1. Among LEU27, LEU23, LEU69, LEU82, which is the only one that is farther than 22 Å from GLN118 by Cβ and at pLDDT 95 or above?
2. Can you tell me how many residues within the stretch 91-106 are among the hydrophobic types (A, V, I, L, M, F, W, C), without any contact (Cβ under 8 Å) to a residue 60 or more places away in the chain and touching an Asp or Glu at 6+ places or on another chain (Cβ under 9 Å)?
3. Which count do you get for residues in the stretch 91-136 that are of a type in the set (D, E, K, R), exposed (fewer than 15 other Cβ atoms within 10 Å of the Cβ) and closer than 18 Å to VAL78 by Cβ?
4. Restricting to the stretch 45-84, and then to whatever is over 17 Å from ARG121 (Cβ atoms) and aromatic (Phe, Trp, Tyr), can you tell me which residue is surrounded by the fewest Cβ atoms within 10 Å (Cβ to Cβ)?
5. Which of the residues spanning the stretch 50-66 are aliphatic (A, V, I, L, M) and modelled with pLDDT of 85 or more?
6. Any idea which residue in the stretch 96-107 is farthest from ARG10 (Cα to Cα), counting only those that are touching a Ser or Thr at 6+ places or on another chain (Cβ under 6 Å) and not charged (D, E, K, R)?
7. Given the criteria under 25 Å from ALA36 (Cα atoms) and assigned to a strand (DSSP E or B), does LEU91 qualify?
8. Of the residues that sit in the stretch 97-126 and are part of a loop (DSSP other than H, G, I, E, B) and either hydrophobic (A, V, I, L, M, F, W, C) or touching a Leu at 6+ places or on another chain (Cβ under 9 Å) (or both), which one is modelled with the highest pLDDT?
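The values are calculated or read from the model by the stated rules, or taken from the named source; none is laboratory data. What you see is a predicted model, and the numbers here were worked out from it, not measured in a lab. Don't worry about glycine lacking a Cβ; one is built from the backbone with ideal geometry, like all the others, and counts go over all protein chains shown.
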Amino acid sequence: MSASPVLALRRAVRAALVADPGLVAALGGPHVFDEAPPRQKRPYVAFGDASARDWSVSLSSGDEQVFVLTVWSGERGVREALEIAARIVALLSDAALVLAGHRLIDLSYVATATRREQNGRFARADIRFRATTEVL
């Protein structure tokens with residue numbers, strides 16, 4: 001049995017993001033989490049919802065995934081969240097990531113949505129991506 005394609009993709013995405021000096025500087029460190037620690041200082045990036053479905057063909061087994069990365073900003077406005085989101089989109093769109101036990105076929109940006117949280121005290125940007133993978 002192969003490793004979860006969702007976990008393999010998350011590990012590869014996190015590695016790509018924390019390897020970028022510009023993003024790490026914008027976040028004030030390698031602050032990309034599956035779940036942020038309590039009282040984590042903003043800004044940071046956290047993995048959100050993910051879904052996977054069978055994308056197999058007759059000769060290979062694979063999955064289609066849709067996943068969300070959320071940029072949590074400490075600012076009231078959305079500027080910081082959107083600037084960090086744009087950097088993430090540039091880093092991940094069509095990236096050639098190496099996944100454990102799987103091969104990434106494609107990774108593409110789908111959409112970004114912003115929201116204000118806690119009565120406008122801070123903003124967030126949810127970035128949605130689509131990926132297809134096949135089992136090695």
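1. After ruling out the rest, the residue left standing is LEU23.
2. Total satisfying the criteria: 1.
3. Residues that pass the stated criteria total 3.
4. Filtering first and then ranking leaves TRP55.
5. ALA50, ALA52, VAL66
6. Among those residues, the one meeting the criterion is ILE105.
7. For LEU91, the condition - under 25 Å from ALA36 (Cα atoms) and assigned to a strand (DSSP E or B) - is not met.
8. So, considering only residues that are part of a loop (DSSP other than H, G, I, E, B) and either hydrophobic (A, V, I, L, M, F, W, C) or touching a Leu at 6+ places or on another chain (Cβ under 9 Å) (or both), the one modelled with the highest pLDDT is LEU97.
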